[in-house]
Amino acid sequence: MSNYDAVVIGAGIIGTSTAYQLAMSGYKTLCVDKLPAAGYGSTSGSCAIIRPYYSTVEGSALAYESHFYWKNWDQYLGLEDEKGNVIYHDCGCLVMKTEENGHLKPTIKIMDEIGCPYEELTTDQVQERLPLINMKSYTPAKPPEHPDFGTSNGSTVTGAVFFPHGGYVSDPQLSAHNVQCAAEAAGVEFRFNTAVTDIQITSNQITAVILNAEQIISTSVLVNVAGPHSSIINEMAGVTADMKISTRALRHEVAHVPAPKAYDFEHDGCVVSDNDIGAYLRPEIGNHILVGSEDPDCDNKEWVDPDDFDRNFSSHWNTLAMRAAQRVTDMEIPGQAKGVVELYDVTEDWIPIYDKSFVKGFYMACGTSGNQYKNAPIAGEMMAKLISECENGRDHDSNPVHFRLKHIGFDLNLGFFSRNREINPDSSFSVLG
Ligand SMILES: Cc1cc2nc3c(=O)[nH]c(=O)nc-3n(C[C@H](O)[C@H](O)[C@H](O)COP(=O)(O)OP(=O)(O)OC[C@H]3O[C@@H](n4cnc5c(N)ncnc54)[C@H](O)[C@@H]3O)c2cc1C
């Protein structure tokens, strides 16, 4: 039997960040993952887009703050990973104005409230900035079998908002390895190829975890950061009874297609969020365009068992590529599908759970809903603060912990992410959060 102050389940970008910050707060911490290395779970398939626009003030404030962590990544880590520290390409993000997003008026109001800079662009200015983009409108997004799929509705997208503080991280899996290195330097132990198979609770207090059905690890703090497996771990711990918000795994495909040869999208492009076509785009290495879905209503959602789902591309890959081709002039669709098939861990309102549970010592950072990669370094700090305060006797349910977003000067009430919250009606109910 080994003893730790805290055990973190999962070594994705949020698990490694949580373990790192627990160690920095003085906890003797073990981080376990059933896969062979850090970031091999859903983090490896992340599009790793960093952008400040969410549909709530709290979500936007947290996301805007995250820009400063990625901008100062080396400083956050405090070391150079021998595999190299990831690069944050802060190329900015352009969001199309549509009727569905209220021509971004609610977003602009939130940006003004949190002091996040932005620039409103006319249709012509968008085209000057991104000459490969045409501004024909296709809304509402349609399935490929629809007779009007690929045909413009005859109008033009009215403009866009450009957010200079945003972009993407080149290699999400490496970013988790970076944090693993920082965590190890702070004293965290990692065990890979090691599954948590049982959880022991005595008198409503976490006492131990069982690894690979054979080894008992004694601990009084256990953190569920198991990504798309979070609901399985919550069931294992028996903590779901008082949860109003649940999590489940949603399969998602991402397409990588070549940019038109005449345009260097990799170096001159930026993130484009476009609910007129129901997709988002970002530069990808090799002058490719990465195309992800914004979950338009016409698309079916594929809820799956995280241990048994199809990792092959489906016809949805073609749909994504064809939607991108509506927006990108002269884009060719290759015969062979390239990209990613991975899982989101989704809550009812697409807002994550960063919280305790009714079992003492059991915490969760899950339900990241395809949109929390960017917030991982802060999620680690928030979880460490929440855990320290609860372990010192605070009742976070009745007296929520607050976290100061130091770069933007915002006081974040962590009750916003409660497992017991009502479904947030302000959410986009999509990956946009
Ligand atoms: C296709 C895709 C695109 C995305 N794009 C973006 C984006 O552009 N921007 C953004 O901000 N976010 C994005 N996200 C979301 C973001 O990537 C995730 O929120 C984030 O990576 C989750 O990290 P995690 O550490 O919580 O989970 P994971 O990386 O999934 O890690 C969980 C780990 O837990 C381990 N585990 C599970 N069960 C057990 C067990 N019983 N014992 C031991 N280990 C266990 C798994 O092996 C896994 O490694 C995207 C996600 C996907 C899938």
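Please note which strands (runs of 3 or more DSSP E) are completely contained in segment 61-171 and include at least 2 residues that are in contact (Cβ under 8 Å) with a residue 60 or more places away in the chain and surrounded by fewer than 16 Cβ atoms within 10 Å (Cβ to Cβ).
none
Considering only segment 346-372, how many residues are of a type in the set (A, V, I, L, M, F, W, C), within 22 Å of Ser388 (Cβ to Cβ) and in a strand (DSSP E or B)?
Summing the residues that are of a type in the set (A, V, I, L, M, F, W, C), within 22 Å of Ser388 (Cβ to Cβ) and in a strand (DSSP E or B) in segment 346-372 gives 5.
For segment 334-358, which residues satisfy the criterion of being surrounded by 15 or more Cβ atoms within 10 Å (Cβ to Cβ) and over 30 Å from Asn420 (Cβ atoms)?
Ala337, Lys338, Gly339, Val340, Val341
Can you tell me which residue in segment 260-279 is surrounded by the fewest Cβ atoms within 10 Å (Cβ to Cβ), limited to those that are among the hydrophobic types (A, V, I, L, M, F, W, C) and not in a strand (DSSP E or B)?
Ala262
If I ask for residues that are out of contact with any strand residue (DSSP E or B) (no Cβ under 8 Å at 6 or more places or on another chain) and either buried (at least 20 other Cβ atoms within 10 Å of the Cβ) or assigned by TED's automatic domain parsing to the domain that holds His267 (or both), which ones from segment 182-194 would you list?
Result: Ala182, single match.
If you check every pair at least six apart or on different chains, which have Cβ atoms under 8 Å apart with a residue in segment 194-208 that is away from the ligand (no atom under 14 Å from the Cβ) first and a residue that is among the aromatic types (Phe, Trp, Tyr) second?
Ile201/Phe362; Asn204/Phe358; Ile206/Phe362
Condition first: more than 9 Å from the ligand (Cβ to nearest atom), part of a loop (DSSP other than H, G, I, E, B) and either under 19 Å from the mean Cα position of the chain (by Cα) or buried (at least 18 other Cβ atoms within 10 Å of the Cβ) (or both). Now tell me which residues in segment 27-36 satisfy that.
The answer is Tyr27, and nothing else.
Would you confirm whether or not segment 12-22 contains a residue that is touching a helix residue (DSSP H, G or I) at 6+ places or on another chain (Cβ under 9 Å), within 12 Å of the ligand (Cβ to nearest atom) and assigned to a loop (DSSP other than H, G, I, E, B)?
yes
Could you please find all residues in segment 373-388 being basic (Lys, Arg) and not in a loop (DSSP other than H, G, I, E, B)?
Result: Lys385, single match.
Restricting the search to segment 280-314, which residues are assigned to a loop (DSSP other than H, G, I, E, B), under 22 Å from Ile133 (Cβ atoms) and either in contact (Cβ under 8 Å) with a residue 60 or more places away in the chain or of a type in the set (Val, Ile, Thr) (or both)?
Result: Ile285, Glu294, Asp295, Pro296.
Looking only at segment 230-251, filter to residues that are in a helix (DSSP H, G or I) and out of contact with any strand residue (DSSP E or B) (no Cβ under 8 Å at 6 or more places or on another chain); which one of those is surrounded by the most Cβ atoms within 10 Å (Cβ to Cβ)?
Narrowing segment 230-251 to residues in a helix (DSSP H, G or I): 230-237, 240-242.
Among the residues that remain, those that are also out of contact with any strand residue (DSSP E or B) (no Cβ under 8 Å at 6 or more places or on another chain) are: 232, 235, 240-242.
Working: Ile232: 17, Glu235: 10, Thr240: 14, Ala241: 8, Asp242: 11.
Looking at the filtered set, the residue picked out is Ile232.
Among the hydroxyl-bearing types (Ser, Thr, Tyr), at pLDDT 95 or above and closer than 30 Å to Glu128 by Cβ - does that describe any residue in segment 165-182? Spell out the reasoning first.
Looking only at segment 165-182, we keep the residues that are among the hydroxyl-bearing types (Ser, Thr, Tyr), and these are 168, 170, 175.
Among the residues that remain, those that are also at pLDDT 95 or above are: 168, 175.
Retained after the next criterion (residues that are closer than 30 Å to Glu128 by Cβ): 168.
Yes.
Within segment 256-268, is there a residue that is near the ligand (Cβ under 10 Å from one of its atoms) and of a type outside the set (A, V, I, L, M)?
Scanning segment 256-268, I find no residue that is near the ligand (Cβ under 10 Å from one of its atoms) and of a type outside the set (A, V, I, L, M), so the answer is no.
Looking only at residues that are within 11 Å of the ligand (Cβ to nearest atom) and assigned to a strand (DSSP E or B) in segment 209-221, which one is surrounded by the most Cβ atoms within 10 Å (Cβ to Cβ)?
Per the criteria, the residue is Val209.
Give the residue, chosen from Asn85, Asn72, that is more than 12 Å from the ligand (Cβ to nearest atom) and touching a helix residue (DSSP H, G or I) at 6+ places or on another chain (Cβ under 6 Å). Working first, answer last.
Values: Asn72 fails: touching a helix residue (DSSP H, G or I) at 6+ places or on another chain (Cβ under 6 Å).
Result of the check over Asn85, Asn72: Asn85.
With the condition kept exactly as written, say whether any residue in segment 389-402 is in contact (Cβ under 8 Å) with a residue 24 or more places away in the chain, surrounded by fewer than 24 Cβ atoms within 10 Å (Cβ to Cβ) and closer than 20 Å to Gly26 by Cα. Break it down into steps so the answer makes sense when it comes.
In the first step, residues of segment 389-402 are kept if they are in contact (Cβ under 8 Å) with a residue 24 or more places away in the chain; the result is 390-391, 396-397.
Adding the requirement that they be surrounded by fewer than 24 Cβ atoms within 10 Å (Cβ to Cβ) leaves 390-391, 396-397.
Cutting the leftovers down to closer than 20 Å to Gly26 by Cα gives us 390-391.
Yes: one or more hits.
The values are calculated or read from the model by the stated rules, or taken from the named source; none is laboratory data. Here the structure is a predicted model, which is why all the values come from computation and not from measurement. When we count neighbours, we look across all protein chains shown, and the Cβ atoms used for this are built from the backbone with ideal geometry, even at glycine.
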